[in-house]
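Undergrad: Take this structure first; my questions come after.
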């Protein structure tokens, strides 16, 4: 016997209808990158990017390795110096062995403006700034250089004064070689001597497009030049990649537990979400077509002080100045940039894109993506800036115009049949890739520190 005067809620609930949500999934993100890219629907699985012929250049960096705690130049990487591209391997090894180690501290002057350029410097680790005296005696920063970059090849090769001052902004290590070493090698090797002479005479077009001869002006009757535009002999081709899995649903689940939600459809929807998340990650980070891995050497900018400042993003905008569309960054990098703006008293404008409020800089939105790599050990990441669209010679996404059993553009769900256990299998496949049409469509800010905080009290 009980003192209760009415039916208990627990018992009453046996006769009630429960309102249910669809399964929630923490791993779903806005996937702004996939939404921001214009997608090219391909009739075949290959996308060929034809370009005007360019004089090929490497990554514009000289790599090193550590031998018993001592940094050493990798001889073959000295081919980054224009006149060493065809040099004999033995000559490269001899030159690499002549480099000596030099450590430096923040604020230390590595080279003085106007002083003889007696050494070629290769930064192994650390950051430095190139400074020049302006027309009114003011100090101006030309460029920030970091790991693997070298200075000043032109002055060192021509035995000219340094055109700028180089000042360290972080602790670091460099490798240096005297000009006398190059002179001695060139005196022994006629091929090297000819290559060095051609470089010092200004005959180096690495990284430039093959010129088109034109005439201009309105005076006289000059003979017009004849010309044509050269194309690359072997244009790059992009093949569609894929993300794929097999979804399994037992027949009794599909038959008996199908209301009010179709179990197969719900399972497929969650799998599609996972495939799209993997797709965005690969578009950003794939070793062949990922955007971060397709930034040209001259489009890579080291953060001046590590933290992402408005000045750093301005440097990216200089690199992608023709119709920049979006920055792409890890959420922690965007938060770090916001702190730097707050510290300077220049809060970025908020704009609504894709139905969400987003930070912008100079009118360009910062798209957050947790797919951007973050080095947790060092608290560093990278920030990408891109121009988008075929008409703008920017970045485009690639997908097939249609595939059998398509459930979304470029994504198929193919029934593979029922096995002897009554389990139905579905092959879930997303086909995609991405292409950078011209080198200046993307730029990246490197070594961005995201763990700097300030006490505003």
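The values are calculated or read from the model by the stated rules, or taken from the named source; none is laboratory data. Only a predicted model underlies this, so the values are computations on that prediction, with no experimental measurement involved. Cβ coordinates were reconstructed from backbone atoms using ideal geometry, including for glycine residues, and neighbour counts include every protein chain displayed.
Undergrad: Test each condition in (1) under 17 Å from residue 33 (Cα atoms); (2) in contact with a strand residue (DSSP E or B) (Cβ under 7 Å, 6 or more places away or on another chain); (3) surrounded by fewer than 20 Cβ atoms within 10 Å (Cβ to Cβ) for residue 349 and report the one that comes out false.
TA: Only one criterion is unmet by residue 349, namely (1).
Conditions tested, residue by residue: (1) modelled with pLDDT under 95; (2) touching a strand residue (DSSP E or B) at 6+ places or on another chain (Cβ under 7 Å).
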{"residue": "353", "(1), (2)": "yes, yes"}
{"residue": "360", "(1), (2)": "no, yes"}
{"residue": "367", "(1), (2)": "no, yes"}
{"residue": "372", "(1), (2)": "no, yes"}
{"residue": "380", "(1), (2)": "yes, yes"}
{"residue": "385", "(1), (2)": "no, yes"}
{"residue": "392", "(1), (2)": "no, no"}
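Undergrad: (1) part of a loop (DSSP other than H, G, I, E, B); (2) more than 22 Å from the chain's Cα centre (by Cα): which one isn't true of residue 392, the others all being true?
TA: (2)
Undergrad: Could you check how many residues of the stretch 168-190 are within 23 Å of residue 444 (Cα to Cα) and surrounded by 19 or more Cβ atoms within 10 Å (Cβ to Cβ)?
TA: Residues in the stretch 168-190 being within 23 Å of residue 444 (Cα to Cα) and surrounded by 19 or more Cβ atoms within 10 Å (Cβ to Cβ): 3 in total.
Undergrad: Looking for something outside any strand (DSSP E or B) and crowded, with 16+ Cβ neighbours inside 10 Å - is there at least one such residue anywhere in the stretch 418-437? Outline the logic, then answer.
TA: As a first pass, look at the stretch 418-437 and keep what is outside any strand (DSSP E or B): 419-422, 437.
Checking the rest, the ones that are also crowded, with 16+ Cβ neighbours inside 10 Å come to 437.
Scanning the stretch 418-437 turns up at least one residue that is outside any strand (DSSP E or B) and crowded, with 16+ Cβ neighbours inside 10 Å.
Undergrad: Sticking with this structure for a sec: Here is a check on your reading of the model: is residue 339 in contact with a strand residue (DSSP E or B) (Cβ under 9 Å, 6 or more places away or on another chain) and assigned by TED's automatic domain parsing to the domain that holds residue 428?
TA: Numbers: in contact with a strand residue (DSSP E or B) (Cβ under 9 Å, 6 or more places away or on another chain): no; assigned by TED's automatic domain parsing to the domain that holds residue 428: yes.
The answer is no for residue 339.
Undergrad: Given the options 68, 60, 77, name the one that is surrounded by 12 or more Cβ atoms within 10 Å (Cβ to Cβ) and at positive phi.
TA: Numbers: 68 fails: surrounded by 12 or more Cβ atoms within 10 Å (Cβ to Cβ); 77 fails: at positive phi.
None of the other options fit; the residue is 60.
Undergrad: Quick one: residue 377 ticks every box in (1) within 18 Å of residue 447 (Cα to Cα); (2) in contact (Cβ under 8 Å) with a residue 60 or more places away in the chain; (3) not in a strand (DSSP E or B) bar one, so which box is it?
TA: The number of the failed condition is (2).
Undergrad: Quick check on residue 316: is it in contact (Cβ under 8 Å) with a residue 60 or more places away in the chain, part of a helix (DSSP H, G or I) and surrounded by 19 or more Cβ atoms within 10 Å (Cβ to Cβ)?
TA: In short, yes.
Undergrad: Considering only residues that are more than 29 Å from the chain's Cα centre (by Cα) and assigned to a strand (DSSP E or B), which ones fall in the stretch 138-164?
TA: Of everything in the stretch 138-164, those that are more than 29 Å from the chain's Cα centre (by Cα) and assigned to a strand (DSSP E or B) turn out to be 139, 161.
Undergrad: Of the residues that sit in the stretch 121-137 and are touching a residue at least 60 places away in the same chain (Cβ under 8 Å) and assigned to a strand (DSSP E or B), which one is surrounded by the most Cβ atoms within 10 Å (Cβ to Cβ)? I'd like the intermediate steps shown before the answer.
TA: Filtering the stretch 121-137 down to residues touching a residue at least 60 places away in the same chain (Cβ under 8 Å) leaves 122, 124, 127, 129.
Now narrow it down to the ones that are assigned to a strand (DSSP E or B): 122, 124, 129.
Working: 122: 25, 124: 23, 129: 18.
Ranking the qualifying residues of the stretch 121-137, first place goes to 122.
Undergrad: When you scan the stretch 320-331, do you find a residue that is surrounded by fewer than 18 Cβ atoms within 10 Å (Cβ to Cβ), assigned to a helix (DSSP H, G or I) and at pLDDT 95 or above, even just one? Spell out the reasoning first.
TA: Going through the stretch 320-331, the residues surrounded by fewer than 18 Cβ atoms within 10 Å (Cβ to Cβ) turn out to be 321-323, 331.
Now drop any that are not assigned to a helix (DSSP H, G or I), which leaves 331.
Right, trim to at pLDDT 95 or above and you get 331.
Yes - at least one qualifying residue is present in the stretch 320-331.
Undergrad: Could you say which residue among 358, 427 is more than 15 Å from the chain's Cα centre (by Cα) and under 22 Å from residue 291 (Cα atoms)? Outline the logic, then answer.
TA: Numbers: 427 fails: under 22 Å from residue 291 (Cα atoms).
358 is the lone residue from the list that is more than 15 Å from the chain's Cα centre (by Cα) and under 22 Å from residue 291 (Cα atoms).
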